[in-house]
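Here, each number is a calculation from the coordinates, and none is a lab measurement. Just so you know, these numbers come straight off a predicted model, no measurement behind them. Cβ: placed from backbone, ideal geometry, glycine included. Neighbour counts: every protein chain shown.
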Amino acid sequence: MLSDYLPVLFQMIIAIGFAAVVLSLSVVFGKSARTSASKDSAYECGMLPIGDGAPRFSVKFYLVAMLFVIFDIEVVFMYPWAVQFRDMAQISAVPLLSMAGFAGILALAYVYALKKGALNWKS
């Protein structure tokens, strides 16, 4: 049974050995780069790298993004239901009622977000 894993062991040894040899050769034969202040600075597409690297975004941006992701995922859950609705509706009305409850909860969540001002950019 141990002999079944022998080819895997050989492959691992060869892969690790190859990586070690190639890295060692690059250290031995490679050139070391000269450093300077201008070469070590960040390249900003022709602009001078002055100030903070990333601008600060408003919390509203993140809130709207999170709401979009949440409601988008819920719509993804509705799609398979809509594809199978005709087959499910022939059996009983329970799938329609359950999706109506699901959509009702989503509508309540949307109204709650509107009442809290989550989508109002001016405040």
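Return the label of the correct value of Rg and Dmax of the Cα atoms in Å, as calculated from the structure shown, out of (1) 16.8, 55; (2) 15.8, 50; (3) 29.5, 76. Among (1) 16.8, 55; (2) 15.8, 50; (3) 29.5, 76, the one calculated here is (3).
Sparsely packed loop sites in region 66-123 (the chymotrypsin sites (Phe, Trp or Tyr not before Pro) outside DSSP H, G, I, E and B with at most 12 other Cβ atoms within 10 Å) comprise W121. GNM on the chain, C-alpha springs below 10 Å: top fluctuator among I16, I73, I91? Of I16, I73, I91, the most mobile in the Gaussian network model is I16.
Rounded, prolate or oblate: pick one for region 59-115, where a ≥ b ≥ c are the square roots of the eigenvalues of its C-alpha gyration tensor, a/c under 1.5 means rounded, and failing that, prolate if a/b is larger than b/c, else oblate. Cα axes put region 59-115 in the oblate bin.
For the chain, the Cβ-based charge dipole about the Cα centre amounts to some 520 debye (Lys, Arg positive; Asp, Glu negative; other atoms uncharged). Within the listed set G101, G46, G30, the Gaussian network model of the chain (springs between alpha-carbon atoms below 10 Å) gives the highest mean-square fluctuation for G30.
Using a Gaussian network model of the chain in which every pair of alpha carbons under 10 angstrom is joined by a spring, one finds that among L23, L106, L96 the greatest mean-square fluctuation is at L23. Sparse packing (at most 14 other Cβ atoms within 10 Å of the Cβ) combined with a DSSP loop state is found for the following trypsin sites (Lys or Arg not before Pro) in region 15-123: K31, R34, R56, K116, K122.
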